[in-house]
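What follows draws every value from the coordinates through simple rules; no lab data is involved. From a predicted model like this one, the values you see are computed outputs, not experimental measurements. In this analysis, Cβ positions are derived from the backbone assuming ideal geometry, glycine residues included, and neighbour counts consider all displayed protein chains.
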Amino acid sequence: MAKPIQRRVFLRGAFATATALCGAAIVRAEDATHQIVIDGFAFAPDDLQITVGDSVSWINRDAAPHTVSDIDEGFESGTLRKGESFAMAFLEPGRYGYICKFHPKMKATIIVSR
Ligand SMILES: [Cu+2]
């Protein structure tokens, strides 16, 4: 399944996340931003339902490094160390399963609907 990802932002740090999300060109007022915390070698929440146009921000609270890696390779955070974050907007409906590349048992899903 093709997964066009737009407005991808790769960021480090909470301040950078807020700045870039507010600065994105086409963020509509009603678009929401959802936060996922990586803690204890798990994504919380692990399954998240959002609406097209919403953004998701992940922050790593673990001492261990983690990644947010689409199993279909549509998006990839790179290594997130403690306190670092990654955010992106989802503009196409679908199910986006992702893992941590360092700990593949860490699995979660973003479900995007219209
Ligand atoms: Cu990990």
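In whole Hz, with x marking every Gly and Pro, tabulate ³J(HN,Hα) for the range 98-114 from phi via Karplus 6.51 cos²θ - 1.76 cosθ + 1.60, θ = phi - 60°.
9, 9, 9, 5, 7, 9, x, 6, 7, 10, 7, 9, 9, 10, 10, 10, 7
Need one number: nm distance between label points at V52 and I111, each 7 Å from Cα along Cα→Cβ, rounded to one decimal.
1.8
With the cut-off at 19 Å, report for the range 37-90 the share of all Cα pairs above it, as a whole percent.
Result for the distance tail: 23 percent.
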